[in-house]
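Just below is one structure, and these are the notes that go with it.
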Amino acid sequence: MSPPPLPPTPVLETERLILRPVRMADAPAIQRRFAQWDVVRWLHATVPWPYPDDGAEEHLRRCLDEEAKGAKSHWAITLKGAQDDCLGLIDLWPYDGETRDNRGFWLDPEYWGRGLMTEAAERVTEYAFETLGWTELYLNNAEGNAGSHRIKEKQGAVIVDRSPHAYVGGEAMRVTWRLTREAWRARRQGSS
Ligand SMILES: CC(C)(COP(=O)(O)OP(=O)(O)OC[C@H]1O[C@@H](n2cnc3c(N)ncnc32)[C@H](O)[C@@H]1OP(=O)(O)O)[C@@H](O)C(=O)NCCC(=O)NCCS
């Protein structure tokens, strides 16, 4: 089943962030911020490591191609007032009926622990549920990836599977979550 193409990736705003579509000019920042062991260790083993010198350019070319086809949305995470500096990425793509995985994200460790990815994930989730009209998201993380795990938990997702998976840092258990629009809305209403 091939899902319908996504609309062009919009600029999304949060309290502290502007999430904007990625561009080739983000390559130097991504090369510098992404190529760190703490960032890649819990990512899919398909991520090349050691990271090649043209890794960010190559990745961005793929992102822009997916954007052009409406297959995925790729946002650069930027602080308000510093929108040229890409601190990390957050990506969203539709369920194809097979692969239970709809979102990816990473952030430069310099900015971890300030709630920034929770803020980005909440806004992108709102876009998926309230603008695109999706009713559920499947999300994944390695069991040992406490930060990523916690974000799903905070969003109201529920664990639906555990299975071994190949990560850059080696084989580990992968946790698969399902976040329904219903549960997400109920949690938001409860916390407002
Ligand atoms: C996962 C990642 C995006 C989190 O970004 P972040 O901006 O630090 O996340 P937030 O601050 O919004 O939230 C992280 C939550 O996890 C918690 N957390 C982080 N590390 C933790 C740890 N070692 N043990 C327990 N909780 C932890 C934080 O306390 C916070 O929860 P809280 O709000 O209840 O206190 C970031 O660590 C990252 O880029 N990792 C590398 C890439 C990656 O693994 N991507 C995800 C692949 S599935």
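Please state, to two decimals, what the Cα-based radius of gyration of the stretch 12-191 comes to when divided by 2.2 N^0.38 Å (N = residues).
Dividing the Cα Rg of the stretch 12-191 by 2.2 N^0.38 Å gives 0.99.
Net charge within 15 Å of Arg174 by Cβ-Cβ distance, Lys/Arg positive one each and Asp/Glu negative one each, not counting Arg174 itself?
+2
On a C-alpha basis, how far is the centre of the stretch 106-184 from the centre of the stretch 1-22 in Å? Whole number, if you could?
17
Roughly how many debye, to the nearest 20, is the charge dipole of the chain about its Cα centre, given +1 on each Lys and Arg Cβ, -1 on each Asp and Glu Cβ, and no other charges?
Here the size comes out at about 560 debye.
Counting pairs of alpha carbon atoms under 8 Å apart in space and at least six apart in sequence, what relative contact order in percent does the stretch 125-176 give?
Details: 46 pairs, mean separation 18.2, N = 52.
After rounding, I find 35 percent.
Count the net charge of all other residues whose Cβ sits under 15 Å from the Cβ of Thr118, scoring Lys and Arg as +1 and Asp and Glu as -1.
+4
Can you tell me, using C-alpha contacts under 8 Å and at least 6 residues apart, the relative contact order of the stretch 73-149 as a whole percent?
Details: 79 pairs, mean separation 18.2, N = 77.
It comes to 24 percent, rounded to a whole number.
At a threshold of 8 angstrom on Cα-Cα distance, excluding pairs fewer than six apart, so keeping six or more, what relative contact order does the chain reach in percent?
22
Given Cα positions, please report Rg to Rh for the stretch 1-111, the hydrodynamic radius being the Kirkwood one.
0.95
Return His74, His149 ranked ascending by Cβ neighbour count within 10 Å, so the fewest neighbours appear first.
By the 10 Å Cβ count, ascending, the order reads His149, His74.
Starting from the Cα coordinates of the stretch 106-192, work out the convex hull volume and express it per residue in Å³. Working shown, then result.
Details: hull volume 9.0 nm³, N = 87.
Taking only Cα atoms, the stretch 106-192 has a hull volume of 104 Å³ per residue.
Give, as a single signed number, the net charge of other residues whose beta carbon lies under 12 Å from the beta carbon of Leu92, with Lys and Arg counted +1 and Asp and Glu -1.
On the way: positive: Lys72, Arg103, Arg123; negative: Glu66, Glu67, Asp91, Asp101, Glu126.
Neighbourhood net charge equals -2.
With each label point set 7 Å from Cα along the Cα-Cβ vector, what nm distance links Arg162 and Ala45?
2.0
Going by average Cβ density within 10 Å per residue, which order do the peptides 18-24, 53-59 take, highest to lowest?
Values: 18-24: 17.9, 53-59: 15.9.
Output ranking for 18-24, 53-59: 18-24, 53-59.
How big, on average over all directions, is the shadow cast by the Cα convex hull of the stretch 73-132, in nm²?
The orientation-averaged projected area of the Cα hull of the stretch 73-132 comes to 4.7 nm².
For the pair Glu13/Trp112, report the inter-label distance in nm, with labels modelled 7 Å from Cα in the Cβ direction.
About 3.1 nm separates the two model spin labels.
Any read-out appearing in this document is the output of simple, stated calculations on the displayed coordinates, not a laboratory observation. Just so you know, these numbers come straight off a predicted model, no measurement behind them. Every residue, glycine among them, receives a Cβ derived from its backbone with ideal geometry; neighbour counts consider all protein chains shown.
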